[in-house]
Amino acid sequence: MNLRTRLLISYMVFVGALAAVGGWGAWHLHELGEVTRHIVADNYDDVVAIQEMMASIGRQDSAVLLALLGQRENARARLARYRELFDANFRKAEGHITEPGEAELTESVRRDREAYYREVDALFSELERGHAPKTKGPEAFGRDALFLRQEALFSRLRGDCIRLLQLHDRAILTKAEEGRRVTQLWFFATIGLVSSLVLSGIVLAVFLSGRIVRPVRELTATAARIARGDLEVKARVDTQDEVGALAAEFNRMAERIRELRRSDLGNLIVAQQTTEAAIDSLYDPVIVTDAHGMVTKLNPAAEELFGSEAENRGRPVADIARASRIAVAVSETLRSQQPVAAEDAASALSLAVDGTERAYRLRTTPMRDEEGRLLGAVTLLQDITHLREIDRVKSEFIATASHELHTPLTSLHMGVHLLLEGAAGALADKQREVLQACHEDCERLEELMRDLLDLSKIEAGDRPPFLRSVRVEEVVSATAESFRAQAEARGIKLTTETPADLPCALADRLQIDRVISNLVSNALRHTGAGGGIRISAVRRNGSVAIAVMDTGHGIPPEHLPHIFDKFVQVPNAPSGRAGLGLAISKRIIEAHGGRLVVQSTVGQGTTFTFTLPVADEAPASSPTEA
């Protein structure tokens, strides 16, 4: 008897037992389903309908309030819509009465509904005759009486619905308890039947395991030795059944593995297939070139831009790329063996795809083998069309808003200033206080407009930094002196710390002045009297790190990840600007090729640190400083 026949006989026994258990379970599940169906059919649908009735009658009451507030057209439409919804659900509940006492409650709902509708219609008629909500006199008294009557009917109708809902809830609980008792009985009966079948199955399994598992164990031991690297072992199974055939095929497979092991072909095939599958699955276009800049691979997304891979393989990337910057990036990556990436929105590539212009962010990375030898380059074109569109809409909005707000804001500012200067005669102290607050608000609005325009220009790439060699200690000292009087007036100690051998930084002097000023201004606003602020600069690898440290309130940990977002305000912090200073500072530092980070502990203080690249040349004054 072969293995198939033995397994078939044993499985037929189990199938028979399974069929018996299945039939038993199906019969009882059918009965349980009937119980559940009665619960749903008799009560659940009515519960849903009553809940909908309660929700719609509540919205009708809201429509009455809207009418009293003067929005009669909107209120009339809402009233008609939710009245129709209430009536539809009431008809559904009325047509399916299954519980004792349900008919009386349903009839009570009907009576109260009709009375409520009459009172609401009368109230709307009263309002439509011209009695506005603020009307005084006899008309208002009549309207208020109608409103009170309809509110009383609303409460009574809602109470009827609640009692009807409670009736069905009790019915559901009663039927559910009945179903639980039946289910418990069937559960213990099923446990007894299944236990008997399990014991019988265990006896049969033990009997068959000795006949079937022995050759399988032999084959498993052989496979384990092959997995440990012993490719010369062979499976020795003498049976003539399917396990014997499997052992023969297993031995042939081991021989094939030995052949592949003798060469690196297997590893190369697996690596190539994995790499190609990964590249082809990318949504963004990918160009792979060799160490000489020749195209070796295009994924499907890149084929839509540059043509099929078969036509372009082996050609220089400059011949297939429709933008010279792609070829320049590949050439620079192969020359320097360093990644080349254009992260800002202004450096995006514009390419036409199916007649539509799309924007791409260019990123090129060198490929190396295990010994560090250059193999080629991978170029990724990340689709940022949606980001560019967002930037365009944002820039247009900011430009339009600033243009529209500039003239009236200037006029308002000038008018307030003239009033404060006495152009309209002497002012009372309270009047001068109010005008002074208006004057400060105008200044804040003007500052917000300037910040918004600056941020928009920086993000769009319209204001790149004018990089020159800058003495960092001079920038730090100048900024500290500009804030020293303000710090002393608040009782805050402002100090600087710069080593004598600090190298020059490659930066835009005016923009870095602005960054340090923003950070010091924030520190002054969040540090109390008796605290301290320190501005320090040190050399760190190939850059200069400038830090502004204060002993103020600190930033809660949950706000640290978002501290550089636009319009971020830390709760319970002193009021200041609109929350754009740190966002502008971060983008300025990133445009310089550096990073701006923050560390803070609540109650101990905050430290903002940014880096600038070290300049190779001697310091020179920038034209923008003159």
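Table for the structure above
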quantity	calculated
Computed E for Ser196/Ala176 - FRET, C-beta separation, R0 25 angstrom, nearest 0.05	0.20
Heavy-atom accessible surface of region 65-129: percent carbon and sulfur, 1.4 Å	50
Local electrostatic count, Leu375, Cβ distance below 11 Å [Lys/Arg +1, Asp/Glu -1]	-2
Extension gain (nm, one decimal) between Ala323 and Arg484, 0.36 nm per residue minus Cα-Cα	52.8 nm
Pairwise centroid distance, computed over Cα atoms, of region 40-85 with region 527-544, Å	64
Separation of the Val21 and Leu412 label points, Cα + 7 Å toward Cβ, nm	7.8
Cα shape, region 506-547, gyration tensor, a/c 1.5 rule	oblate
Cα-projected label distance for Ala152 with Leu387, points at 7 Å along beta-carbon direction, nm	6.7
Ranking by accessible area, most exposed first, for Tyr117, Tyr11, Tyr283 with a 1.4 Å probe	Tyr283, Tyr11, Tyr117
Modelled FRET efficiency - R0 30 Å, Ala189 with Ile9, Cβ distances, 0.05 increments	0.55
Packing rank of 466-474, 304-312, where each peptide gets the mean count of other beta carbons within 10 Å, highest leading	466-474, 304-312
Long-range tail of P(r) for region 301-393 (Cα pairs > 23 Å, %)	29
Sum of side-chain charges, Phe466 neighbourhood, beta-carbon under 9 Å (Lys, Arg +1; Asp, Glu -1)	+1
Residues Ile97 and Arg129, FRET efficiency given R0 of 51 Å [Cβ-Cβ distance, rounded to 0.05]	0.80
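The values are calculated or read from the model by the stated rules, or taken from the named source; none is laboratory data. Note that the structure is predicted; figures quoted are calculated from it, not measured. Note that we place each Cβ from the backbone using ideal geometry, even for glycine, and neighbour counts take in every protein chain shown. Note: accessible area is taken over every heavy atom of the protein model, side chains too, but ligands, DNA and RNA are not part of it. Shrake-Rupley method; radii C 1.70, N 1.55, O 1.52, S 1.80 Å.
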